[in-house]
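*Asks:* Pasting a structure below so you can have a look.
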Amino acid sequence: MSGSERREQLIRISRTLFAEKGFDGTSIEEIAATAQVSKPVVYEHFGGKEGLYAVVVDREMQKLLTLITEALSATHSLIKLERAALALLQYVEESSEGFRILVRDSHAASGTGSFASLISEIASQVEDVLADEFSSRGYDPMLAPMYAQMLVGMVALTGQWWLDVRKPPREEVAAHLVNLAWNGLTGLNPNPAITAATREHSATVKPRTSEKELRDLEKAREKELKEAEKVRQRELKEAEKARVRELKERERLLKEAEKAREREEKIRQREARLAERAARLEQVDHPE
């Protein structure tokens, strides 16, 4: 098994264990034993359990964000809402282990924040959509951030509930979600259904972010970090060279100043000797 294949195996195994037992309930020993490798192999690839967990969480967050972002690319607001709700439920259904990890621990070791921060990130995208809608309808667009949190929070909590019950089907759940969000309690439709446009879209669309694409994104981020580190090291070397040049210039100036003082001292001593000689000659020429 190549290094990259071993890395993917460890990620896949740890994803299942983290989903089942959580971060604190999963040990490096268990991950290594399940993968039939020694603990140093895990440390070699990820530096420890925290590093491995961070990679798993980051992949899941990217996958969910990609689905939501794609859903929000629709033109009509109702379609955007339907597709966003369906995107979350699709992720819950197709990536149950990943969703359990995101909502279960939100462990600081992930380095990517909590599930609440993920929801806030999604809400920030919805916020722009709502702001445009509010402005076009004469509402205060400054209220859009608050409504975005309400809307996304409602969908996210419904997703957490549906993770275990799985009834009714996701399209029906999405229809009821949109029914409440779009019509409000006073205008509820007794038999809601998603629009035909969204139904056709969800039947044909495939998640854009595959495992390979996620690995490519991860590699790209690692490459960016390495490039940034190279730049930092280069800047440090340049700064060190500049400091050395400055020290050398200071030493040169000090040496030149010292030489100037020595020349001045020699001139002073020579002038003193000449003055002393002139005084002796004057005594010889004019004895008392």
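Throughout, read-outs are computed from the coordinates displayed, never taken from laboratory work. Given the structure is predicted, the values throughout are model-derived calculations rather than measurements. Cβ coordinates were reconstructed from backbone atoms using ideal geometry, including for glycine residues, and neighbour counts include every protein chain displayed.
*Asks:* On a 31 Å Cα-Cα criterion, which of the cross-link pairs LYS230/LYS259; LYS21/LYS63; LYS63/LYS167 come out too long?
*Replies:* Result: LYS230/LYS259 exceed 31 Å.
*Asks:* Can you give the net charge of the other residues whose Cβ lies under 14 Å from the Cβ of GLU251, counting K and R as +1 and D and E as -1?
*Replies:* Neighbourhood net charge equals +3.
*Asks:* Could I ask something else about it? Label points 7 Å out from Cα along the Cβ direction at VAL244 and GLU5: separation in nm?
*Replies:* 4.7
*Asks:* Where in segment 61-81 does the amide nitrogen come within less than 15 Å of the point 7 Å from the Cα of SER124, taken along Cα to Cβ?
*Replies:* Taking a point 7 Å out along Cα→Cβ of SER124, the residues of segment 61-81 whose backbone N falls under 15 Å are 62, 65-66, 69.
*Asks:* Given R₀ = 30 Å, FRET efficiency for GLU227-LYS39 by Cβ-Cβ distance, to 0.05?
*Replies:* After rounding, the FRET efficiency stands at 0.45.
*Asks:* With each pseudo-label sitting 7 Å past Cα toward Cβ, what's the GLU50-SER135 distance in nm, one decimal?
*Replies:* 4.3
*Asks:* What's the ranking of 170-182, 35-47 by average number of surrounding C-beta atoms within 10 Å, highest first?
*Replies:* Ranking the peptides 170-182, 35-47 by packing returns 170-182, 35-47.
*Asks:* Across segment 261-274, in residue order, what do the Karplus-derived ³J(HN,Hα) couplings come to in whole Hz, using 6.51 cos²θ - 1.76 cosθ + 1.60 with θ = phi - 60° and x for Gly and Pro?
*Replies:* Using θ = phi - 60°, the values come out as 5, 5, 5, 4, 5, 5, 4, 5, 5, 5, 5, 5, 5, 5 Hz.
*Asks:* Further question on the same structure: So, R0 is 45 Å and r is the distance between the beta-carbons of ASN189 and GLU97; what FRET efficiency does that work out to, to 0.05?
*Replies:* Efficiency, from the Cβ-Cβ distance: 0.85.
*Asks:* Using 7 Å Cα-to-Cβ label points, what is the ARG166/LYS266 separation (nm, one decimal)?
*Replies:* So the label points at ARG166 and LYS266 sit 9.8 nm apart.
*Asks:* For segment 55-62, just list the computed ³J(HN,Hα) in residue order, Karplus coefficients 6.51, -1.76 and 1.60, θ = phi - 60°, integers in Hz, with x standing in for Gly and Pro.
*Replies:* Each residue's phi maps through the Karplus curve to give 5, 4, 5, 4, 4, 5, 5, 5 Hz.
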